[in-house]
Structures are given as structure tokens and as C-alpha cells.
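> First the structure, then my questions, so here it is.
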Amino acid sequence: MAARTRTRPRATPKPRAKRGKPFYRKFRVDQRALVFTIAAVALLVAILVLVDVPKLLASIRDWFVGTFGVGLAVIGVWAALGAVAYRRRSYDDRTAFLRGVGGVAAAGLFVWGLLALNSADWSVGGVEFQEVSLGGRLGQEAIGGFFGKLAWLSLIVVAMALLAPGPTRWLAESTPIWVEEAWERRLPHRAASGMGRGVQYLLRKPGQGATNEEEMIGSSLRERLDPAAFEDVPGQFTIIRPSIDPGAPAPPLIPSLEVSALEEDTLADTVETVADEEEGVDEPQQLDLGLGNRPGWHYPALELLNEPKPSATKKHDNSARGHLIVDTLASFGVDASVVEINEGPTVTQFGVEPGWEVRYKELQMKDEAGRSMLGPGNRPRTERVETSRTRVRVNKITALQNDLALALAAPSLRIEAPVPGRAIVGIEVPNDSASIVSLRSVMESKEFQDSLRKSKLTMALGRGVSGIPIVADLARMPHLLIAGATGSGKSVCINAIISGIMMNASPDEVRFVLVDPKRVELTPYSTIPHLAFSEVIVDMDKVVGTLQAVVSEMEARYKKFAAVAVRNVETYNRHPRVLKKLPYWVVVIDELADLMMVAPFEVEKLLCRLAQLARATGIHLVVATQRPSVDVVTGLIKANFPTRIAFAVTSMTDSRTILDMGGAEKLLGRGDMLYLPTDAAKPVRIQGVYLSDAEVERLVEFWTDERFSELVPETADDLLQQALIERNGDADIDVEDDDPVMEKARELTGQHNRVSPSLFQRRLRVGYVKACKIMELLEEEGMVGPREDGESRRVMEGAAARDN
């Protein structure tokens, strides 16, 4: 076998070293560029030799400054923004780039025009800005004339629409609403007079819907004008005679052309005049039922209430407190993070999101052969491997409540775990001092105005932990139980509820039954026309009789409902056969504990019966107590009052009595409360509104004005007197002819055209039964006429002469 021959590998040749080019070949000279450069240099040398350069530069400067003025700064800003846009390649998004260019250009031109409207005692070189304005000759000529200024003003609208289309659209949609609300608050009688809404209805195109109020106002306005003016224009107006729902919300004034020009003192005469003109119409009840039986009530303006004042107190650094909460929880082995901070008037809520509880296991590291790997010191090398990951339990955070209070140096601390509807734990830390929440600030909010359009019993409660206004509807509660220690803000809350309803409801819409055993809290309201009875009940002997009178009113309303086959007061007031609407009744009891001490069984029975049955009749209860013990707030009472408010109490037992849970014992007082509505599983923390005594006095003075004296509705003192007679027996109410009260009654009768028992009650300070006796004696003397369908009687002719 032949031996193999081994071939030697061929050697790879070494690469040759590249020879460098001569230095004169590294540069290529562009002959044309060289020629142009030499020519430019020669021209520059010639200019420098032949021309006066400083004078030339000064003339160029004067031309630019005189033409553009300070608008050169706008051009510089445009150039800088263009460079930034080119650097960021903003032109890739063509649509956004063009919109931004248009917006910046419009904004710059608007600023340029604004400069052109001003002149200054400045001069740059030979240019005087007093002659050319700050915008130069170009800007001065551009905005000259009416159309130039109109085009200049339109530039800011174009700039806003291009640069911020979302906020611009929101502002355009919200501005008419703000104007209307401000108009209604400042001049409610003028805003509700209907001129604007009537014209809107007349100008409404066919097919567009209109509310009952707009239809009524527009129909009345059309009748006052020439109907032929609207019939001659085809397709512009839809002339429809509306059928007015008797239960529709009534505007406070007559929708006619004369009303907006009349003063308030001639409003009643205008109503009678318009009613006489409407006698020949097929629907005579349209105007009367739409406006109510007693037109002329006006609502008080919000200016009667104090304006909200900003708080000047020192605030904590919430960011530092948030870091302190996280570090404190981490020091106890709890992983958590603060995801949001909500600062309220009383407390600041830190939203804490629980972290993860991770467990690890140490495992030895091995090589490919399965042998343990050794580290420094010949020790086996290990690695940490995660074995499980679970969420931190909420009770681990709540168990550290006292430790968090210690770390934050807070007097008390409340933890809401979890926050309803959120995957966070709320830690509520008190502020340095509670900010005052005024009633006006909440009533001006959108939340209150939206609720007020649905119900006249809307209440302004306060602001939550994040500063959001909290409002509630008493008609949906339907009864409210309030508890709190002395000085916690309970009585202020009651005053705010009463005053808030009085701000937006007339005596024909809401009536109050006030029970004040303390004799000092509710007595300022003793003269308002909203009272269902002629006085504030302060005598404990009359309390049971008062509740019995309210029960009698409830039973009488149920009989009226059965007569027209309706189920509740809202349906009854809208029924076409109903001529007189029923007002809501709000029964306010300031101290339940005193009532339970006098007659516990009767008070509990009557309260429970009203709470169970009175909702459909429009009667609602607001009961308050400063001692929420089980003998005062019994289980039967608490079961019938699903909506509750708890102010600061002394113990957790009292908190559980009122709320069925703790938390009220940790409140700070002075309006700090927990509100538990019927549809919530947990209470909401609120800083209640504050109402001063001066505000109450102004509000009472408004409603007791003399212009409303003829509009005050009749009281239900006959029910109260009957209930007291049934309970305590008849009293001595005989009236003699020579009684001094009769002399005053005769004198009072000679001063009026019509009199009623309620007039004698208010002016002579007598009871209802005695006022009826006086009326009977005056009828026997021939001074007043017989009883009519109404509640007042006509004064006979010659009664004033006999009185004189």
C-alpha cells in the first residue's frame, strides 16, 4: 500500500501596506465656489471703502423698528419655535403640525395687534413709538378701522380653538349655563319672569322640544303680541296651544310683557289684570294653575349669605406626611405605597395601596455536573428564589393605627379600609385647623343646583374629605336622625337644613313644624311664613299634641289621595282635578331625649307611625339628640330612620347606637360628621356647613317682609288646637264684647279688605280657637261677611267708618 504524500499548506501572502496620498490631493477645490467667494469678498471690501457703513446700518435698523415695532420679538419667538419644531421633527405628524403652526401664528398676530393698540414715550434711533405705536406701522395699519379690530379679536378665538380645542369647546358650552345661573341667583324674579325663555320658544324651529314652562311662557307672550306676525312667516314658528299640567313646576312670576318692567310691590295687581284678560279663553285654569294660588313669592338671593372666605391657616406638607406614612409602615414590615392625596377642609385622606408580601427560599447553586458550586471560603454558593407572592392584608395596616398617629403627631387618626369603590385604604389625618365651609359655597356648586332642579327639599350638608360638595334630598331619605355631643355642630346642622330649604322653597311649597325644648335654637324662625303652626313648639306639654296633629294631617292627606286614586303627594299635585297643591311638611325636633323623658311611649309610637307612613304624604322628619343611648334612640326608632348623621360622640357605644359601627368617637368636632345614607354600606366623612346667626336673621327678615303679608298661607292651628283639647281638655276661650282683644280686632278689621283667623293670630297673639270666636263676633256685628270657599272673609262696606 502506497504511503500517503503530505502536502504542505501554502503560505498566505501578507497584505501590502497602502501608500498614503499626497496632502495636496486630499482637498478638492470647487472652482465655482471659489469664484463666488472671491467676488463676495471684493464686494464687501468695496462697500467698506465707498459706503458709510454705520449710517447704512442705522437706516436699516430704523426701517425695521419703524415697520415692525416691538413685534420683532414676536418674529423672534416664531423663529425659536420653528427651530424647536424642526429639532423635534414635529412636521412628521402633518395634521398636528399644521394646527400648531396656525395656532401659534394666530396667537402671535393677536399679541402684535395688542402692541399696536398702545403707544409709549420711547425711541429707538430715529423712531418714536408715539407715532408708530409699539406694533410699528405694519401693526397700526393692520388693526385700523372696525373690521380690522374685529378680525384682530377673532385671532384669539382661532388660537384657542387650534391650540386647546378641548377646553375651548368646554368653555363655549359652559358659559351660557354660568350666565344663566348667575342671572337667576342675582335677580331670580327677573330671570324667572320668562321673557328670554318665551322668546326662545317663539323662535324655536318645528320639531324641537320645549318644556312645559317654556310652552306656557311662550303661549302667553304670543297672546300679548300680534299672532298674525307669526303666522305670516311659514315654517318658522310652531303655534301650539299647550295644555298646562296642573302639577307642573310653577314659575314665580307672571309670564307677560309688563311683568319685567313692574316693581315687586305692583305684582299682585298685575296678576289680577292678566287674570281678567284671560276670562274669555277656553282654558281658564291654565294661567292660574301654572302659577299657583298665590303668585308673588320671590326666593331670596344668595347674596344674603356670607361669601366663602379662603382659609389662611398653615397647612402641612402632604408630600412629607405621605413619605412618613410609607416609611412607618415599612418599618413594621408592611409594604405599601401612597397613590393619591385628597386634601379636605378638616382632614387629608392619604390613599394607601397595599403592596406584596413576598416569600423567598435559599437554594444551593450547582454546576452542569450537578456538583455544588463553591464560593469564597469554600462555602457553598446559594441564590435567593421567590416562592410565593401575596397581597398585604388590610388588617395589618389597620392594626398600626396608633403607631401611625404617633409618627404623624396627630391627635386622632381614622382609617377607612377599604374606601368604597376604590382598591385603596384611606388614612384620614387631621389638618392644622378645620376650614370653614359656608352654606353659600355649597349652594353655588353644580351638584346642589342639579339636585335642586329635582326636589325642593335639597339639603347642603358640607364637603367631603376631598373637598367635593355633599348634598342630599330629604324626600328620598325620607327621614333623618342626627346625633352628637354638645358643641359638636348638631344645632348648626339643623339651622343649615332649615335655612337651605327656605332659600329655595316658598311657604306654598314647604311648611315647617319646629319643636325646640331648649327654647333658644329654633325660636328665631318663629315669625317666618313657612310655619305649619303659628308658633315654634317650646312647651313640653304641647309636644305630644303637636305630633298627634301631624298624624291627623297625614291621615287627612291619605283620604284626599284615595278620593282621586293617587298614591303619593307628587302624583296628587299633578292631578288635573286638584286645584290646590299640598305643600311638603318638614317636622324638626331639636332634642329627642327631652321628649322621651316626658312621654316616652307616646312619643315613640307617634314618631314610628309617622316614619312608617308619612313619606307618601310629603311629611318628613328630622330628629336630633345629643344623647344617643338605647333608651332615647330605641331600636324601633332607629329601624324607621335609615338615614343618619353622627357628629362627635364620647364613646364607641354611642357611635354604634347611631351608626351600628364605630368611628364617630374619633371625629374632631365643630362640624366634623359621618353621614350614612340609605344606599351606602359605610358612612361618608363630611365637614358640615356653617351658618352664622347674622345669616339667619337676614333670611328671616326677608321672609317676614311686609310685601308678603297678604300672601301668607293659612296655618293648621285648628288641628293643633283640636289635638290639645283632646289631650288636655278644653280651655277658657270665651271672648266678651268689651274685651280689649275685641277692640284691637275691630281696629285691625277696619284696616284691611279681607281678614282671616290667621291674621288675628299673628297680630293679636291669640290661639286659633279664640281667633275663630273673634271672627264669629265680628260676623254678628256685621263687620265681616259670611264664610266663603276660601279661608278669609270679606270686610263689609262701612266697617272702617264704624271703627273710626
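The values are calculated or read from the model by the stated rules, or taken from the named source; none is laboratory data. None of these values were measured; they are calculated from a predicted model. Please note: Cβ atoms are built from the backbone with ideal geometry, for glycine as well, and neighbour counts cover all protein chains shown. Areas reflect the complete protein model, heavy atoms only, side chains present, ligands, DNA and RNA absent. Shrake-Rupley method; radii C 1.70, N 1.55, O 1.52, S 1.80 Å.
> Do the conditions hold for S451, that is, is it of a type in the set (S, T, Y), closer than 16 Å to V684 by Cβ, open to solvent by less than 30 Å² (accessible area, probe 1.4 Å) and out of contact with any His (no Cβ under 7 Å at 6 or more places or on another chain)? Before the answer, list the steps.
Working: of a type in the set (S, T, Y): yes; closer than 16 Å to V684 by Cβ: yes; open to solvent by less than 30 Å² (accessible area, probe 1.4 Å): yes; out of contact with any His (no Cβ under 7 Å at 6 or more places or on another chain): yes.
So S451 fits the description; yes.
> Tell me the residue from I501, I436 that is at pLDDT below 90 and β-branched (V, I, T), please. Write out each step before concluding.
Details: I501 fails: at pLDDT below 90.
Being at pLDDT below 90 and β-branched (V, I, T) holds for just one of I501, I436, which is I436.
> State yes or no: is S552 surrounded by fewer than 22 Cβ atoms within 10 Å (Cβ to Cβ) and either without any contact (Cβ under 8 Å) to a residue 60 or more places away in the chain or among the hydroxyl-bearing types (S, T, Y) (or both)? I'd like the intermediate steps shown before the answer.
On the way: surrounded by fewer than 22 Cβ atoms within 10 Å (Cβ to Cβ): yes; either without any contact (Cβ under 8 Å) to a residue 60 or more places away in the chain or among the hydroxyl-bearing types (S, T, Y) (or both): yes.
For S552, the condition - surrounded by fewer than 22 Cβ atoms within 10 Å (Cβ to Cβ) and either without any contact (Cβ under 8 Å) to a residue 60 or more places away in the chain or among the hydroxyl-bearing types (S, T, Y) (or both) - is met.
> How about the stretch 89-195: which helices (runs of 4 or more DSSP H) wholly inside it have at least 3 residues that are at pLDDT below 75? Lay out the reasoning, then the answer.
Details: elements: 94-116, 129-132, 136-142, 146-163, 165-186, 188-191.
In the stretch 89-195, the matching helices (runs of 4 or more DSSP H) lie at 129-132, 165-186, 188-191.
> Restricting attention to the stretch 738-776, and to residues there that are of a type in the set (D, E, K, R) and outside any helix (DSSP H, G or I), which single residue is least open to solvent (accessible area, probe 1.4 Å)? Break it down into steps so the answer makes sense when it comes.
The initial filter retains those residues of the stretch 738-776 that are of a type in the set (D, E, K, R), namely 738-739, 743-744, 746-747, 754, 762-763, 765, 770, 773, 776.
Then drop every residue that is not outside any helix (DSSP H, G or I), which leaves 738-739, 754, 765.
On the way: D738: 124, D739: 35, R754: 100, R765: 185 Å².
My answer is D739.
> Could you tell me how many of the residues in the stretch 494-533 are under 23 Å from T634 (Cα atoms) and either open to solvent by less than 10 Å² (accessible area, probe 1.4 Å) or among the aromatic types (F, W, Y) (or both)? Please lay out each step first, then the result.
Pass one, the stretch 494-533, residues under 23 Å from T634 (Cα atoms): 494, 513-518.
Okay, now just the ones that are also either open to solvent by less than 10 Å² (accessible area, probe 1.4 Å) or among the aromatic types (F, W, Y) (or both), so 494, 513-516.
Qualifying residue count for the region: 5.
> Is it the case that some residue within the stretch 350-357 is among the small types (G, A, S), at pLDDT below 90 and either over 56 Å from the mean Cα position of the chain (by Cα) or not in a loop (DSSP other than H, G, I, E, B) (or both)?
No - not one qualifying residue is present in the stretch 350-357.
A quick yes/no check of all residues on (1) in contact with a Pro (Cβ under 8 Å, 6 or more places away or on another chain); (2) closer than 19 Å to A723 by Cα; (3) not hydrophobic (A, V, I, L, M, F, W, C):
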site	(1), (2), (3)
G545	no, yes, yes
V564	no, no, no
E570	no, no, yes
L579	yes, no, no
W585	no, yes, no
D590	yes, no, yes
A593	no, no, no
M597	no, no, no
P600	no, yes, yes
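> Among what's in the stretch 529-556 and is assigned to a loop (DSSP other than H, G, I, E, B) and among the acidic types (D, E), pick the residue that is modelled with the lowest pLDDT.
Among those residues, the one meeting the criterion is D539.
> Select from the stretch 569-603 the residues that are open to solvent by 40 Å² or more (accessible area, probe 1.4 Å) and in a helix (DSSP H, G or I) and list them in ascending order.
E570, T571, R574, D594, M597, V598, P600, F601, E602
> With the requirement that a residue be small (G, A, S) and either open to solvent by 90 Å² or more (accessible area, probe 1.4 Å) or over 33 Å from the mean Cα position of the chain (by Cα) (or both), what does the stretch 385-422 give you? First the steps, then the outcome.
Going residue by residue through the stretch 385-422, those that are small (G, A, S) are 388, 399, 405, 407, 409-410, 412, 417, 421.
Within the stretch 385-422, S388, A399, A405, A407, A409 meet the criteria.
Conditions tested, residue by residue: (1) aliphatic (A, V, I, L, M); (2) within 17 Å of P478 (Cα to Cα).
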site: N573; (1), (2): no, no
site: V587; (1), (2): yes, yes
site: L592; (1), (2): yes, no
site: P600; (1), (2): no, no
site: R609; (1), (2): no, yes
site: A614; (1), (2): yes, yes
site: V622; (1), (2): yes, yes
site: I645; (1), (2): yes, yes
site: T653; (1), (2): no, no
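> Consider V696 against the criteria (1) surrounded by 17 or more Cβ atoms within 10 Å (Cβ to Cβ); (2) in contact with a Lys or Arg (Cβ under 9 Å, 6 or more places away or on another chain); (3) under 23 Å from N504 (Cβ atoms): it satisfies all of them except one. Which criterion is unmet?
It is condition (2) that V696 fails.
> Ok, one more. Exactly one of (1) at pLDDT below 85; (2) surrounded by 16 or more Cβ atoms within 10 Å (Cβ to Cβ) is unmet by H298. Its number?
All conditions pass for H298, except number (1).
> Which number in (1) modelled with pLDDT of 75 or more; (2) within 20 Å of R793 (Cβ to Cβ) marks the one condition that V735 misses?
Here V735 clears every test but (1).
> Scan the stretch 609-656 for residues that are of a type in the set (V, I, T) and open to solvent by less than 10 Å² (accessible area, probe 1.4 Å) and jot them down.
Once the filter is applied, which keeps residues that are of a type in the set (V, I, T) and open to solvent by less than 10 Å² (accessible area, probe 1.4 Å), the stretch 609-656 yields T617, I619, V622, V623, T625, V632, V633, I637, T643, I645.
> Taking the stretch 663-672, which residues are open to solvent by 10 Å² or more (accessible area, probe 1.4 Å), not in a loop (DSSP other than H, G, I, E, B) and not basic (K, R)?
E665
> Collect the residues in the stretch 371-394 that are over 19 Å from V339 (Cα atoms) and in contact (Cβ under 8 Å) with a residue 12 or more places away in the chain, keeping them in residue-number order.
Filtering the stretch 371-394 down to residues over 19 Å from V339 (Cα atoms) leaves 371-390.
P380, R381, T382, E383, R384, V385, E386, T387, S388, R389, T390, listed by residue number.
> Taking D660 and the conditions (1) over 27 Å from M503 (Cβ atoms); (2) open to solvent by less than 10 Å² (accessible area, probe 1.4 Å), which numbered condition does it fall short on, given that it satisfies the others?
(2)
> Scan the stretch 510-526 and report the pairs whose first residue is under 21 Å from M596 (Cα atoms) and whose second residue is basic (K, R), with Cβ atoms within less than 7 Å and a gap of 6+ or a chain change.
none
> Counting just the residues of the stretch 454-492 that are of a type in the set (S, T, Y) and in contact with a strand residue (DSSP E or B) (Cβ under 6 Å, 6 or more places away or on another chain), which one comes out most open to solvent (accessible area, probe 1.4 Å)? Explain how you work it out, then say what you get.
Let us first name the residues in the stretch 454-492 that are of a type in the set (S, T, Y), namely 455, 458, 466, 486, 488, 491.
Subsequent filtering for residues that are in contact with a strand residue (DSSP E or B) (Cβ under 6 Å, 6 or more places away or on another chain) retains 455, 458, 466.
On the way: S455: 15, T458: 2, S466: 52 Å².
It comes out as S466.
> Of all strands (runs of 3 or more DSSP E) completely enclosed by the stretch 371-433, which ones contain at least 3 residues that are modelled with pLDDT of 90 or more? Walk me through it before giving the result.
On the way: elements: 382-391, 414-416, 425-430.
Ranges flagged: 425-430.
> Hey, among the residues in the stretch 338-384 that are within 24 Å of P420 (Cα to Cα) and among the hydrophobic types (A, V, I, L, M, F, W, C), which one's most open to solvent (accessible area, probe 1.4 Å)? Please lay out each step first, then the result.
Taking the stretch 338-384 first, the residues within 24 Å of P420 (Cα to Cα) are 338-357.
Now drop any that are not among the hydrophobic types (A, V, I, L, M, F, W, C), which leaves 338-339, 341, 347, 350, 352, 356.
Details: V338: 44, V339: 73, I341: 74, V347: 4, F350: 0, V352: 2, W356: 109 Å².
The extreme case among them is W356.
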